[in-house]
1. How do the pairs read when you match residues in the stretch 259-277 that are in contact (Cβ under 8 Å) with a residue 24 or more places away in the chain with residues anywhere that are among the aromatic types (Phe, Trp, Tyr) and surrounded by 20 or more Cβ atoms within 10 Å (Cβ to Cβ), using Cβ under 6 Å and keeping only pairs 6 or more apart or on different chains?
2. Working carefully through the options VAL428, VAL450, VAL421, find the one that is in a loop (DSSP other than H, G, I, E, B), in contact (Cβ under 8 Å) with a residue 24 or more places away in the chain, of a type in the set (Val, Ile, Thr) and surrounded by 13 or more Cβ atoms within 10 Å (Cβ to Cβ).
3. Please note which strands (runs of 3 or more DSSP E) are completely contained in the stretch 165-264 and include at least 3 residues that are closer than 30 Å to THR299 by Cβ and of a type in the set (A, V, I, L, M, F, W, C).
4. Within the stretch 48-60, is there a residue that is touching a helix residue (DSSP H, G or I) at 6+ places or on another chain (Cβ under 7 Å), closer than 30 Å to HIS138 by Cα and part of a loop (DSSP other than H, G, I, E, B)?
5. For the stretch 61-82, how many residues are touching a residue at least 40 places away in the same chain (Cβ under 8 Å), among the polar types (S, T, N, Q) and either over 12 Å from LYS29 (Cα atoms) or in contact with a Cys (Cβ under 9 Å, 6 or more places away or on another chain) (or both)?
6. Looking only at the stretch 545-557, how many residues end up being open to solvent by less than 30 Å² (accessible area, probe 1.4 Å) and more than 20 Å from TRP617 (Cα to Cα)?
7. Please count how many residues of the stretch 92-115 are of a type in the set (Val, Ile, Thr), without any contact (Cβ under 8 Å) to a residue 60 or more places away in the chain and out of contact with any helix residue (DSSP H, G or I) (no Cβ under 8 Å at 6 or more places or on another chain).
8. So which of ASN458, ASN436 is farther than 30 Å from SER356 by Cα, in a strand (DSSP E or B) and not small (Gly, Ala, Ser)?
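The values are calculated or read from the model by the stated rules, or taken from the named source; none is laboratory data. The shown structure was predicted, so the numbers you read here are calculated from the model rather than taken from an experiment. For neighbour counting, all protein chains shown are included, and Cβ atoms are generated from backbone atoms with ideal geometry for every residue, glycine included. Accessible surface areas use protein heavy atoms only, side chains included; no ligands, DNA or RNA. Shrake-Rupley method; radii C 1.70, N 1.55, O 1.52, S 1.80 Å.
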Amino acid sequence: MLDILLLLERQMPAATYNATEAEAHLVFKKVNAIADAHDIPLPGYGNEAYTLTIEGTKATIEFVDTIGAVRAVQTLGQLAMAGGTTGLTLPQASVTDWPAFKVRGYMHDVGRSFLSVENLKQQIDLFARFKVNTFHWHFTENQAWRLQIDAYPALTAASAMTRYAGQFYTKAQVREVLAYAKARGVVVIPEIDMPGHSEAYRRAMGHDMQTAEGVAALKVILGEVAALFDEAPYIHIGADEKDITYTTTVNGQSRSFVQIMVDHVHSPGKRVVIWNPIHTVPIHQTGADMMHLWSSRGTAVTGTPAIDSRYNYTNHFDVFADLVGIYKGNIYYQPRSTPEVAGAITAPWNDRKTASEQDILQQNNHYAVTIATAERAWKGGGRQYMEKGGVTLPNVGAEYDEFRDFEDRFLYHKATTLAAVKDHIPYVRQTHMRWNITDPFPNEGDTARVFPPEEVMNDTALQPIQYLYHGKTYRAATATGAGIYLRHTWGNNIVPTLYGNTNPEFNQTAYAWTYVYSEEARTVNALIEFQNYGRSEVDPAPETGRWDRKGSKIWINGVPIPAPHWKNAGKTINHEVELQDENFTARAPIAVPLKQGWNKVFIKLPFIDTACRLEKWMFTCALVDPNTGEAVEGLTYSPTKKMPSDHRDLDTGGGEAERQRNTWVG
C-alpha cells in the first residue's frame with residue numbers, strides 16, 4: 001500500500017525525481033512516448049499523457065512532457081479521495097491516461113464584472129484538480145479596462161469606468177496569478193478586446209481604436225501585455241461584434257485593423273486568438289493562429305485550431321438542463337481533437353450587473369459547468385453536438401447512465417474537494433426526478449384558461465396521461481430532471497428540447513406533474529423557477545404576486561405556492577440595474593410541507609409573447625433539505641406513483657387498455 005499524504009503536498013519537480021516519505025516512493029520517469037496516446041500538437045500546450053503504476057509502496061509516473069506528470073499527480077489525489085476519509089493509502093493500480101482535447105478551460109469577463117485575485121487563485125487551484133488547464137482572462141469591456149498599462153494610466157482611472165469603478169489588476173497582481181496558475185499546470189490567455197467593446201478605452205484615451213492614434217497606442221499596449229504575459233503562448237484580441245473600418249498600406253499592401261494588430265502581436269513571437277465570427281474581414285485572411293468559436297455562426301477554419309464556446313455561454317444557462325446538454329454533447333461535432341478543434345471554454349458573460357462576485361459563480365452555475373466541460377473534453381466522446389442532442393436528459397439508456405455517474409461524482413466532490421465553495425454551487429441531484437408533461441393546449445392568449453389536466457388535478461385518482469379536448473388527443477410524455485425546457489433559450493431550431501427541434505408557437509399551455517413519496521410528514525425547501533433570467537438580458541422582473549410574466553403556477557397537494565416578493569418588481573431595467581432575486585440561485589428557497597405518503601406537485605406552463613429578446617419556456621423544481629441545501633434523501637419522484645423497486649417508474653401507458661383507463665374525456 002502507498003501512503004501519499006505528504007507526497008501530494010509537493011509540487012511536481014522537473015524531469016526525474018525520487019521521493020521517500022514514510023517508506024513511500026514516488027518515481028518520475030521521462031519517456032519519449034506513451035503508447036497509443038492521442039496527442040494533436042498545439043503550441044503552448046504540452047503532451048499531457050502519462051502512465052501511473054502503483055506497486056506496494058512505490059508509485060511510478062511516466063510522462064513525455066512535465067505537464068503529464070502534473071496530471072498524474074492530480075490523478076493520485078483523486079484516487080486517494082476515492083477511499084473516503086481513510087483514503088490516504090492506495091492499492092495496486094495501473095493507469096494510462098491522456099486527454100481527448102488539449103484545451104479545457106473557462107473565461108472570466110472581468111471587464112464587465114470584477115473578481116478578486118484571491119477568488120481567481122481559488123478557482124485556478126480547485127479547477128486544476130479536475131484537469132482544467134486554461135484560464136481565459138478577458139480584461140477589457142465597455143464598462144471598464146481592468147489591466148494596468150504603465151504607458152497609459154488613464155485606462156484604469158476610476159473616472160473611465162462605469163461599473164465597479166476603480167477596480168483593476170496591477171501588474172504585480174497579474175504576476176501573482178500567473179505564477180499560481182503555472183504551478184498548477186494552467187495556461188492563462190489574456191484578452192484585450194479590439195476594436196469592439198471598447199468604450200472604456202475611448203473614455204480614457206479620447207479617441208477611437210480604429211484611428212491612426214488608436215492603432216499606435218494599441219501597439220504600445222500590446223507590447224506591455226506581451227512582456228507581462230511573457231510565458232503565455234497566446235494573446236486574445238477579440239475582434240468581434242464591430243465592423244472593421246480602419247485600413248492602411250503596409251509594404252504596398254492594404255492591411256485591415258485586425259491584420260495590423262495580428263502582425264504586431266506576432267512580432268515579439270506571440271500567437272494570436274480571435275473570435276469567430278467577426279465582421280467585415282474574412283476570417284481566413286486575418287492571420288490569426290487560433291479561432292475562438294462563438295454563436296452558432298462560428299465555424300472552424302481548415303488548418304487553424306479552434307476553441308469551441310458556441311454553446312458554452314453560461315450567462316444564458318439554467319442550472320440543470322443546460323448542464324445535461326453540455327455533458328452529454330460532444331465538442332464541435334468531434335469525439336476527440338483534430339487539427340481544427342482544440343477544445344472548449346465555458347464563458348459567463350455578465351452584461352447585467354450583479355451585487356457581488358459570488359453571484360457570477362452561483363447564477364452561472366460556474367463550477368458545475370466548467371467541470372462538466374473539462375471532463376467531456378478530457379474523456380472525449382458524447383453522442384451528438386448540443387444543437388443535435390439538445391438539453392433533455394434521456395429517461396433511460398447509456399446517456400442517462402453516464403450523466404448519473406457524473407452527477408454522483410460531482411456531488412461527492414461538491415462536498416469534499418469543493419467544500420470551500422459549495423455554498424456557491426446551486427446544482428443538486430436531479431437524475432431521480434421524473435415528470436409527466438403534456439402536449440400544449442391552445443390558449444388563444446388567455447393564460448388563465450383552464451384545460452382538462454388542471455380540471456382534475458385535485459382528484460384522488462392518478463392524473464391521466466392523455467386527454468380528449470375539442471376532438472383532439474393530448475398526451476403526456478415522461479421527462480427526467482429538475483429543469484426542463486419546452487423552448488430553449490436559443491430556440492428549439494438551434495437547441496432541441498423535450499418538444500423536439502421545432503419552435504413552439506405562442507399562446508399555448510402545457511402542464512407538468514409528479515408525485516413525491518415521503519416516508520414521513522416534513523417541511524422541505526423548494527427551488528422553483530419558470531424564467532431563468534440570462535445574465536446578459538434586460539428582461540423585467542415578474543409582477544408582484546406572479547411567478548413570471550407568462551402566468552405560470554405551481555401547486556403542492558392542491559395548495560398554490562405563492563411567488564416571492566421580487567426586489568425588482570416594477571422597475572425599469574437596464575444592464576446597470578442589479579440582477580437580484582429573479583433567479584432561484586440568488587434567493588432563499590421556499591419552505592413547503594409534505595405529508596406522509598404521496599404528494600402531488602402540479603405545474604401550469606402558459607407560453608405567450610412577453611417581448612423578451614430570448615423567449616424561454618421552461619420550469620425548474622427541486623426539493624432540498626433545509627439543513628444541507630442538497631436534494632432530500634429518501635424522496636421518490638414518480639408521475640405514476642410507482643416506487644423504484646417496481647421498475648415501472650417510466651411506464652406511462654402499459655398497453656391500450658391501460659391507456660384507455662388513463663384517458664380523461666371531457
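1. Here the result reads ARG271/TYR234; VAL273/TYR234; TRP275/TRP294, each pair linking the stretch 259-277 to a residue that is among the aromatic types (Phe, Trp, Tyr) and surrounded by 20 or more Cβ atoms within 10 Å (Cβ to Cβ).
2. Numbers: VAL450 fails: in contact (Cβ under 8 Å) with a residue 24 or more places away in the chain; VAL421 fails: in a loop (DSSP other than H, G, I, E, B).
After applying the criteria, what remains is VAL428.
3. Details: elements: 187-194, 234-238, 247-250, 253-256.
Those strands (runs of 3 or more DSSP E) span 187-194.
4. Yes: one or more hits.
5. Our first condition is that a residue be touching a residue at least 40 places away in the same chain (Cβ under 8 Å); within the stretch 61-82, this holds for 66-67, 69-71, 73-74, 76-78, 80-81.
From the residues that got through so far, the ones that are among the polar types (S, T, N, Q) too are 66, 74, 78.
Pick out the ones that are also either over 12 Å from LYS29 (Cα atoms) or in contact with a Cys (Cβ under 9 Å, 6 or more places away or on another chain) (or both) and you get 74, 78.
Looking only at that region, the number is 2.
6. The first filter runs over the stretch 545-557 and keeps only residues open to solvent by less than 30 Å² (accessible area, probe 1.4 Å), leaving 547-548, 550-552, 554-556.
Restricting the remaining residues to those that are more than 20 Å from TRP617 (Cα to Cα) gives 556.
Residues in the stretch 545-557 being open to solvent by less than 30 Å² (accessible area, probe 1.4 Å) and more than 20 Å from TRP617 (Cα to Cα): 1 in total.
7. Going through the stretch 92-115, the residues of a type in the set (Val, Ile, Thr) turn out to be 95-96, 103, 110.
Filter once more, so that each one left must be without any contact (Cβ under 8 Å) to a residue 60 or more places away in the chain: 95, 110.
From the residues that got through so far, the ones that are out of contact with any helix residue (DSSP H, G or I) (no Cβ under 8 Å at 6 or more places or on another chain) too are 110.
Within the stretch 92-115, residues that are of a type in the set (Val, Ile, Thr), without any contact (Cβ under 8 Å) to a residue 60 or more places away in the chain and out of contact with any helix residue (DSSP H, G or I) (no Cβ under 8 Å at 6 or more places or on another chain) number 1.
8. Numbers: ASN458 fails: in a strand (DSSP E or B).
None of the others qualify; the one that does is ASN436.
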